[in-house]
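The values are calculated or read from the model by the stated rules, or taken from the named source; none is laboratory data. It should be emphasised that the depicted structure is a prediction, and the values quoted were computed from it without experimental measurement. Here the Cβ positions follow ideal geometry from the backbone for every residue, glycine too, while neighbour counts run over all protein chains shown.
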Amino acid sequence: MNAEQILKKYITGDISGKEFESRLYQHTDEFGQYFNAFPIMSGYLQNGILVYLLECDYSTSLGNANAIGAIVDFFNGNGMSCENVTPSHSRLYEELLDVQPKYLDLDLRWLESYYSQFPQWNEPGRKKWLKERIKQDFQYLDKSPKWLQNPQWMIGDNGPLVFVGQLDLKDLYHDTSCLYIFIDPTSQVIQFQIQSL
C-alpha cells in the first residue's frame, strides 16, 4: 500500500489511528517523498503536513480529528480526487468530541455503533440521545473520574466497566498519582489503573 492509499484508508476509517501512526513512523521517508511532491500549504500546515501528522496524538479523539482534518485539507487544497474518502468521518470525530463528557475519550467505533441504531435522526435529537446513551454505558457510582492524564476508561469483555472511585496516592509516590478503581457489574471483577504526573 502506498502513502496515498494509507492516508485514504485512515480518513475513511478502514485503519485505526494507532495503525496509521505505526505506518506513518515505519514509512516516514515514503510519506515525506509523497508530501514533498506537492506545494507547501499555508496556515496551520505551513511547516509541512508530515511534521503536523507526526506531532498528532493518535491515542485521543482530538488528535485523530486533527489528523483527519489535516489530511482532508491537504487533499482538497491540492485539488486531489477523494472519491473513496468520506469527509463525514472527520465530522463524526467532531461530534464525538461535542457529545462525550470530559472524563471520557471514546474511540470513534463507539459513536459509529450508536449511529447504526438510529442513522436517520435529525441533529438535535441525535445529540441528545447520544449524550444520554454515553452516560448510560459509562456509569460511575458517585463522581466521575478526575484524570491526571488522558481519560482511560476501562472496558472489559462485557463492555464499559463502572467507575467506583479514585484514591490519591501522593503519600506512596514522589509524583502526583491517583488509583482509579472500576468494577465489571456482570462478572464482579475489580480492575484498577494508576496515573501519575
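Among the residues of the range 95-109, is there at least one that is part of a helix (DSSP H, G or I), at pLDDT 70 or above, of a type in the set (S, T, N, Q) and in the same structural domain as GLY63 (by TED's automatic domain parsing)? Can you show your working first?
So in the range 95-109, the residues part of a helix (DSSP H, G or I) come out as 95-99, 108-109.
Checking which are at pLDDT 70 or above leaves us with 95-99.
The next check asks that each one be of a type in the set (S, T, N, Q); those that pass are none.
No, every residue in the range 95-109 fails to be part of a helix (DSSP H, G or I), at pLDDT 70 or above, of a type in the set (S, T, N, Q) and in the same structural domain as GLY63 (by TED's automatic domain parsing).
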Residue satisfying condition, being assigned by TED's automatic domain parsing to the domain that holds LEU62, at pLDDT below 90 and of a type outside the set (Gly, Ala, Ser), within set ASN150, ASN122: ASN122
Looking only at the range 153-165, and only at residues there that are assigned to a loop (DSSP other than H, G, I, E, B) and at pLDDT below 95, the one that is surrounded by the most Cβ atoms within 10 Å (Cβ to Cβ): TRP153
Residue within the range 168-187 that is in contact with a Pro (Cβ under 7 Å, 6 or more places away or on another chain) and at pLDDT 90 or above present: yes
PHE31, sole failed condition from (1) at pLDDT 85 or above; (2) touching a Pro at 6+ places or on another chain (Cβ under 8 Å): (2)
Cross-chain or 6+ apart pairs with Cβ under 7 Å, the range 180-197 first and more than 13 Å from GLY165 (Cα to Cα), then among the β-branched types (Val, Ile, Thr): PRO185/VAL162; SER196/THR176; LEU197/THR176
